[in-house]
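**Q** Right, I'll just put the structure down here and ask away after.
Read the figures in this text as sums done on the coordinates, not as results from a lab. This is a predicted model, so every value here is computed, not measured. Every residue, glycine among them, receives a Cβ derived from its backbone with ideal geometry; neighbour counts consider all protein chains shown.
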Amino acid sequence: MTVVTPLGSYRNERPYPFCPGCGHSTILDALNQALVRRRIDPASVVIVSDIGCSGLSDEYFATSAFHGLHGRSITYATGVKLAHPDLEVVVIMGDGGAGIGGAHLISAARRNIGITLIVMNNLNFGMTGGQHSVTTPRGSITASTPFGNLERPLDICGTAAVNGAGYVWRGTSFDDDLPDRLADAIGFEGFALLDVWELCTAYFVRRNRFSRRDLVSTLDDLGFATGIIQNRPEVPEFAAACRAAAATQPPLPQPRAVTPTYQACLDRPFTLLLAGAAGGRVRTAGRLLATAAILSGLYAAQSDDYPVTVRTGYSVTTLSLSPKPVVLAGAPEPDAVLLLSPEGAAKLTRTLRELDSSAVVLTLPGLATLPTPATVIILEPPEKPRLSKSDRALAGAAAALELLNLFPPQALVAAVTAEGAFAGQLEAVAAGAAMGAAAKA
Amino acid sequence: MAPDSGGVVRRELIDGCTAIVRGALDAGCDFFAGYPITPASTILGMMVRQMPSSGGVAVQGEDEIASIGMCIGAVSAGARAMTATSGPGMSLYSENIGLAVMSEIPLVVVDVQRLGPATGGPTATAQGDTQFVRWGTSGGYPIIALAPASLPDCYHLTVRAFEMAERFRCPVFLVTDKELGLTLNTVETADMEPRPAPARPAPDATGPPYRFSPAGGVPPLRTFGSGEVVRFTGSSHDERAFITKEPATIEALNRHLAAKIEDHIDEISIVDVDTDPGASTLIVSYGVAAGAAGLAASALRQQGRRVSSAVVKSLWPLPEAALAAAAAGVERIVVPELNLGQYRREIERLLPAVEIRGVNRVDGCLIAPSEIVEAA
């Protein structure tokens, strides 16, 4: 961090608005002392405040600030740090924010994101009238627990520590070492959490005859550790780790543009369904057919349908081919269906029944007895080489090109080759072409 | 065939989500955070893979609230940010959308719509969020929403969304749907020639972070790390971003939030019109339904009918002048949409003297041109 214009005080001229005896003023004074000690350019300090009385905090500092929504301050701070890792980001939230934003608190700990989080923990919601929060001790009287709180208070520090936070401290606003620990936290690379227990004199103290001594005895009764609970500077900081990991990643190959080099036979819109099973590379076959169509001067669109449990059940691809650009509209009537497996056939039972009599169904032996008014052509797979399940879709596509007179089958060979065909794909295309030619004969 | 500058026809097989990601990266988007949801996960996956090579950061948040929150934080620290989700995620974005409006954070939010309400149909298409994006947060302030109707639109309107977000310092929604987002289709490379990243308006070196006068003015964004102290807030505030209860200041702030968009509708408005001056029927469409609308207009004209078509690309604010001009002299307006008439009610409000007919589907399927022809 470049030290530009460190200040004698990071406070502005505005007086604190907090109630007499409220711990917030003490904690903010301690934060000011810590910032002075750290000598950071005030513009580079971003105080991210939450909602509630603690959410007023940013207004009393001459630093940069972001005042956001209740419980979400950690998310803004994470975005700031990820976008601009050189900034010193300090989040101030209350116990209310820690409750509603619990998922963010745990995630910040798990990531070990390089922000400082101060929880101004006064055991209830002060700004809204003293309702119970996630840290309210059992039995306490609050506006929403008139018969005593029944919920166990959340161990914020224990939760953060066990989930990977680099630096965790708990104490009270009365602790003399608070400025030192805040300075530690600000200088810490990773996620630093300070859970500062304090008094809400407006509500919690009055309703529960609660004192400074009770803060300490409550912590003891609960068995909540105090002082520095965790200090692991060796854990990688998330924003730096993110950039380092990303730097090792090769750029993603981009889809390649193709220039039509074949002449299509198709002179009208044509819809072809490919219906197979999960793992049958139905979508890949569809994409290769679509690319081949584009290589032949046609326009192609491909829409896939499969169950949410992707490795099982049917896989149906709809290909729309046309000499004109394909417009997404309505549900096109299939002109041809390629059935590749029982799962695909079962999925299309109704479609097959409702096909036009001019439509063609290409199918494999064993799937042939489907009720359909369309012309059914059975494709006989070759004895050798045996078509594996994962090659059937591509072979079927090649067969379809022999039978349906859409565009030259060589375009499919070109599309497969251009993709850097893996072993077996070109053989599957050849076998499919033979299968189609045999059926034609 | 539309040849490129070299005279060679080049075509690609891509989906809308890919075109959106390409548009975002060309627009200089250098921060993305999102949470997995069908049918928008493609954008998250591509961003995570592609962002590093352009020097940006793309992460998965712990939920949608964190994802949009991180984007807002990143923008405040100088990033150009985008997030993407679908209906359920839009619901969780709601409060932070209000924060982006109030704190004047430019941000692009992609809504790849699916059938709702609730979990609805993740793989079924819909346009059910048309009014939701308009009124998606408390308080009732205007937002900008763009709706691509084609693959080139997905690319170009994403770039425009970033331009508008920074021009007006507000969230801009890119509203698309499962069909346009996930269907692979053929696009002429020439129709998606890379656009230059929009230039950023230079902020004042000093001066307050907000300005409410003139109401329709937009102070350029100053961000953390610029060397100056900068403040943002989501509470009712004065121009220095301090909380205020002063009615005159709050009035000026809130009028400004509305005026900075409503005073510039003509600048924001994008409507593709195909008008026949003697038309008795106008088809008003947007998003994926514009495909069927275009085919229906052609079919009607082949039947000898006089028909105009207006495809609204800037859904919000309602492009009133452009729509009124397109509707001049027509007897009826047909509004096809994949909801129960959410945009139709806007047209009814705008043009009360004209007969308005809706063509509506909420079954997850696309409207067929024949349905529009029948209604026209």
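**Q** Would you list which lysines come within 28 Å of B:Lys313, measuring only between C-alpha atoms, while excluding same-chain residues fewer than 8 positions from it?
**A** Excluding near neighbours in sequence, the set is A:Lys324, B:Lys178, B:Lys260.
**Q** Tell me which lysines have Cα within less than 20 Å of A:Lys440's Cα, excluding those fewer than 8 residues away on the same chain?
**A** A:Lys384
**Q** May I ask you to derive the relative contact order of chain B, considering only C-alpha pairs under 8 Å and at least 6 residues apart, and to give it as an integer percent?
**A** Reported relative contact order: 16 percent.
**Q** Anyone know which of B:Cys17, B:Cys170, B:Cys365 comes out most mobile in the 10 Å Cα GNM of chain B?
**A** B:Cys365
**Q** Related question: Percentage of Cα-Cα pair distances in the range A:156-220 greater than 15 Å, rounded to whole percent?
**A** Summing the P(r) tail past 15 Å for the range A:156-220 gives 57 percent.
**Q** Out of A:Gln410, A:Gln33, A:Gln230, any idea which swings most in a Gaussian network model of chain A, alpha carbons joined below 10 Å?
**A** A:Gln410
**Q** Give me the net charge of B:Ile243's neighbourhood, meaning all other residues with Cβ under 13 Å from the Cβ of B:Ile243; Lys, Arg count +1, Asp, Glu -1.
**A** -1
**Q** What average count of beta carbons from other chains do you get within 10 Å of the Cβ of residues in B:43-55?
**A** 3
**Q** Determine the calculated [θ] at 222 nm for chain B from helices alone, applying -39500 (n - 2.57) to every DSSP H run no shorter than 4 residues and normalising by the residue count; nearest 500 deg cm²/dmol.
**A** Using -39500 (n - 2.57) per qualifying helix, the result is -10500 deg cm²/dmol.
**Q** If you don't mind, there's one more thing I want to ask. Let me know the longest stretch in chain A that avoids all trypsin sites (Lys or Arg not before Pro) found in a DSSP loop with at most 14 other C-beta atoms within 10 Å.
**A** My reading of the result: A:40-137 is the longest stretch.
**Q** Same structure, new question: Which distance in Å, rounded to a whole number, links the C-alpha centroids of the range B:307-371 and the range A:226-281?
**A** 37
**Q** Please give the average number of partner chain Cβ atoms lying within 10 Å of the Cβ of each residue in B:60-72, rounded to a whole number.
**A** 6
**Q** If you don't mind, there's one more thing I want to ask. Would you mind calculating the relative contact order of the range A:124-196 from Cα pairs under 8 angstrom and at least 6 residues apart, reporting the percent as a whole number?
**A** Computed value for the range A:124-196: 22 percent relative contact order.
**Q** Here is a further query. Take the alpha carbon atoms of the range A:342-441, find their radius of gyration, then divide it by 2.2 N^0.38 Å using N residues; give the quotient.
**A** 1.10
**Q** Now, a different point. Over 20 Å intervals from 0, what percent of Cα-Cα pairs in the protein assembly as shown sits in each interval?
**A** Computed distribution, short to long bins: 15, 40, 30, 14, 1.
**Q** If you don't mind, there's one more thing I want to ask. Going Cα to Cα from A:Lys347, which aspartates and glutamates come in below 12 Å? Please leave out same-chain ones fewer than 8 positions away.
**A** A:Asp305
**Q** Next question. Let's test this: bin the Cα-Cα distances of the range A:178-306 at 10 Å from zero up to the farthest pair and state each bin's percent.
**A** Whole-percent P(r) values from 0 Å outward: 9, 19, 15, 11, 9, 12, 14, 9, 3.
**Q** I need the phi-derived Karplus couplings for the range A:145-156: 6.51 cos²θ - 1.76 cosθ + 1.60, θ = phi - 60°, integer Hz, Gly and Pro marked x.
**A** Whole-Hz 3J(HN,Hα) from phi for the range A:145-156: 9, x, 9, x, 5, 9, 9, 6, x, 6, 8, 4.
**Q** Also: Using the charge dipole of the protein assembly as shown (Lys, Arg: +1 at Cβ; Asp, Glu: -1 at Cβ; taken about the Cα centre), state which of A:Cys19, A:Val36, B:Leu25 has its Cα farthest towards the positive end.
**A** Of the options given, the answer is B:Leu25.
**Q** Report Rg(Cα)/(2.2 N^0.38 Å) for chain B, keeping two decimals.
**A** 0.99
**Q** Report the longest stretch of chain A that contains none of the GluC sites (Glu not before Pro) sitting in a DSSP loop with at most 16 other Cβ atoms within 10 Å.
**A** A:14-150
**Q** Looking only at B:Arg200, B:Arg361, B:Arg255, which one moves most when chain B is put into a Gaussian network model with springs between Cα atoms under 10 Å?
**A** B:Arg200
**Q** Let me ask another. Taking amide hydrogens as modeled 1.01 Å from N in the peptide plane, which residues meet the under 5 Å criterion relative to B:Arg306, leaving out close sequence neighbours?
**A** Under 5 Å from the amide H of B:Arg306 lie the amide H atoms of B:Ser280, each far enough along the sequence or on another chain.
**Q** Taking the Cβ of A:Met435 as the center, what net charge do the other residues with Cβ under 14 Å away carry, scoring Lys and Arg +1 and Asp and Glu -1?
**A** Neighbour charge sum, excluding A:Met435 itself: -1.
**Q** Let me ask you something else. Would you tally the net charge around A:Ile141, using a Cβ to Cβ cut-off of less than 14 Å, leaving A:Ile141 out, and scoring K and R as +1, D and E as -1?
**A** +2
**Q** Given just the C-alpha atoms of the range A:14-84, how large is their convex hull per residue in cubic angstrom?
**A** Roughly 88 Å³ of hull volume per residue.
**Q** Quantify how strongly other chains surround peptide A:361-368 by giving the mean number of their Cβ atoms within 10 Å of each of its Cβ atoms.
**A** Averaged over the peptide's residues, the number is 0.
**Q** Still on this structure, please answer the following. Run through the range B:1-109 and list the trypsin sites (Lys or Arg not before Pro) located in a DSSP loop whose Cβ has at most 14 other Cβ atoms within 10 Å.
**A** When the trypsin sites (Lys or Arg not before Pro) of the range B:1-109 are filtered for loop state and at most 14 Cβ neighbours within 10 Å, nothing remains.
**Q** Mind pulling up the Rg/Rh value for the range B:205-315? Radius of gyration and Kirkwood radius, both on Cα.
**A** When Rh is taken as the Kirkwood radius, the ratio is 1.27.
**Q** Stokes-Einstein D for chain A at 37 °C, 0.692 mPa s, Kirkwood Rh over Cα pairs, in µm²/s?
**A** Result for D is 123 µm²/s.
**Q** Expressed as a rounded percentage, what relative contact order does chain A have, with Cα pairs under 8 Å and six or more residues apart?
**A** 11
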